[in-house]
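Trainee: Sharing a structure with you now.
None of the figures in this text is laboratory data; all of them are computed from the coordinates on show. It should be emphasised that the depicted structure is a prediction, and the values quoted were computed from it without experimental measurement. Glycine also receives a Cβ, built like all others from the backbone with ideal geometry; neighbour counts cover every protein chain displayed.
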Amino acid sequence: MSMRAARWTAVDELEVTDVPLPEVPQGWALVKVAYNGICGTDLSIFHGKHPRAQAPLIMGHEMSGWVEVAGASGPPVGALVTVEPLISCGECRACRAGSSHVCRRLGLYGIDAPGGMAQYVALPPEVLHAVPDGVDPRTASLAEPLAVAVHAVDLSGMEAGDTVAVYGAGPIGVLTALVARHAGAGTVVITEPSTWRREVAEGLGFTVVPEGSTMAQTLAPLTDGEGADTTFDSAAHPSVAAELSATTRVLGRIVVVGVYKQPTPLDLQGICFKEQSMVGVRVYTSADMTRAIELIAQDALGLDRFPTKAFDLADVDAAFSAATTGQDCLKVLVTPLDGKADA
């Protein structure tokens with residue numbers, strides 16, 4: 001038997017073709033894919049810049065779908081699930097300590113093994129998270145990036161009433177801002193170069209740094225010149241790294257959520273003089289994934305206002321073009337389901 005899949009075949013090249021239905025190892029599950037989100041990692045793979053991805057590859061790790069064949073454990077046939085797509089070794093120090101999300105040899109489905117840009121994907125049952133009844137599969141596909149935001153806010157030590165600064169109003173930045181506000185942030189200030197994304201952030205009720213201004217200038221009257229209590233860097237740009245300390249208060253907290261592509265200068269003198277804390281974020285724990293699903297099921301974040309756009313699997317080239325420009329949606333989704341793409 002065969003299925004339709006979008007395969008990355010070479011730098012900047014994708015093909016939609018028939019491939020064999022995945023073999024399902026003993027004890028594993030087969031998932032019928034509903035939606036798969038495109039993230040920055042997928043764009044890196046597409047442009048041939050990811051250090052591990054090897055063509056041909058079925059990309060995609062932000063998945064929702066239904067269990068077609070149940071595994072030896074986990075959700076039953078027919079259950080709507082999201083996927084925790086981490087592949088850990090189980091042997092390194094982090095894995096032995098229960099922190100497999102920072103495994104020394106961490107891999108992901110959609111990078112190191114076939115992912116969700118296909119009609120079906122075979123997965124071990126332990127990576128499947130059942131989604132409560134009533135949740136739209138389209139919204140459920142946001143659980144994986146939302147788990148990143150949940151993990152970032154949890155690591156930050158943010159306290160209720162904090163003034164929070166968020167650099168970048170892309171998908172992770174906006175989700176982090178939403179989670180921070182839900183966790184009790186008093187004010188959330190977002191800076192973003194894209195006019196359209198600034199408008200989205202403003203529409204969601206956040207304070208947005210105006211064009212031509214800076215995060216420090218916007219924070220000054222809100223904090224009596226002290227700076228943000230907690231700062232999240234979801235932009236991962238050298239210009240942002242250079243000002244993280246300056247826009248964060250004495251004894252404040254800096255959380256690096258975005259993934260920098262190379263070593264980047266920081267104001268370490270400022271961090272020392274202000275005795276600031278700084279922490280990095282790498283994906284999420286299984287508990288973070290569970291919490292993300294809870295937030296979705298409770299409609300706690302108003303994700304119906306989070307702009308998404310769905311493309312048919314056959315239109316994957318257009319989907320990647322839309323994800324690259326990022327002008328009219330925060331998250332581009334690919335669906336193999338007939339009639340579920342946006343008109």
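Trainee: Please go through the residue pairs Lys274/Lys331; Lys49/Lys331; Lys32/Lys309 and name each one whose alpha carbons sit more than 29 Å apart in this structure. Walk me through the numbers on the way to the answer.
Mentor: Working: Lys274/Lys331 37 Å; Lys49/Lys331 21 Å; Lys32/Lys309 20 Å.
Cα-Cα > 29 Å for Lys274/Lys331; rest within.
Trainee: On to the next question. Run the numbers for Gln269 and Lys49: contour at 0.36 nm per residue of separation, minus the present Cα-Cα distance, in nm.
Mentor: Details: separation 220, 0.36 × 220 = 79.20 nm, distance 3.29 nm.
Here the segment from Gln269 to Lys49 would lengthen by 75.9 nm.
Trainee: Can I ask one more? Write down the radius of gyration of the chain and its Dmax, each obtained from C-alpha positions, in Å.
Mentor: 20.1, 66
Trainee: Could you list His47, His101 so that the one with the fewest beta carbons within 10 Å of its beta carbon is first and the one with the most is last? Write down the numbers at each step before the final one.
Mentor: Values: His47 12, His101 20.
Fewest to most other Cβ atoms nearby, the residues stand as His47, His101.
Trainee: While we're here: Between Val250 and Lys309, what is the FRET efficiency for a Förster distance of 41 Å, r being their Cβ-Cβ separation, to the nearest 0.05?
Mentor: Working: r = 43 Å, r/R0 = 1.04.
My answer for the efficiency is 0.45.
Trainee: Please give the net charge around Thr324, taking every other residue with its beta carbon less than 15 angstrom from that of Thr324, where Lys and Arg add +1 and Asp and Glu add -1.
Mentor: Values: positive: Lys49, Arg197, Lys309, Lys331; negative: Asp12, Glu13, Asp42, Asp315, Asp317, Asp328.
Cβ neighbours under 15 Å give a net charge of -2.
Trainee: For the chain, build the charge dipole from Cβ charges (+1 Lys, Arg; -1 Asp, Glu) around the Cα centre, then report which of Pro76, Met63, Thr285 sits farthest towards its positive end.
Mentor: Value computed over the given set: Thr285.
Trainee: Starting from the 7 Å offset along Cα-to-Cβ, what nm value, one decimal, do you get for the label separation of Ala318 and Ala242?
Mentor: A separation of 4.1 nm, rounded to one decimal place.
Trainee: So if I place +1 on the C-beta of Lys and Arg and -1 on the C-beta of Asp and Glu, and nothing else carries charge, what would the dipole magnitude of the chain be about its Cα centre? I want it in debye, nearest 20.
Mentor: Numbers: 23 positive and 39 negative charges, 146 e Å.
The calculated dipole for the chain is roughly 700 debye.
Trainee: If I model a spin label at Ala160 and Glu13 as a point 7 Å from the Cα along the Cα→Cβ vector, what separation in nanometres do I get?
Mentor: So the two model labels end up 5.8 nm from each other.
Trainee: With only Lys, Arg, Asp and Glu charged, each at its Cβ (+1 for the first two, -1 for the last two), find how big the charge dipole of segment 157-271 is about the Cα centre; round to the nearest 20 debye.
Mentor: Working: 6 positive and 12 negative charges, 57 e Å.
The dipole magnitude comes to about 280 debye.
Trainee: Quick one: of the DSSP bridges fully inside the chain, what percent are antiparallel, nearest 5?
Mentor: Expressed as a percentage, antiparallel bridges in the chain total about 55.
Trainee: Could you go through segment 228-237 in sequence order and give the Karplus-derived ³J(HN,Hα) for each residue, using 6.51 cos²θ - 1.76 cosθ + 1.60 with θ = phi - 60°, rounded to whole Hz, and x for Gly and Pro?
Mentor: Each residue of segment 228-237 in turn: 5, 5, 9, 10, 10, 9, 9, 8, 6, 10 Hz.
Trainee: Also, quick follow-up: What spacing in nm lies between the two simple spin-label points modelled at Ser286 and Thr195, each 7 Å away from Cα in the Cβ direction?
Mentor: 4.8 nm
Trainee: Could you tell me how many cubic angstrom of Cα convex hull volume segment 146-280 has per residue?
Mentor: Numbers: hull volume 13.0 nm³, N = 135.
With only Cα atoms used, segment 146-280 gives 96 Å³ per residue.
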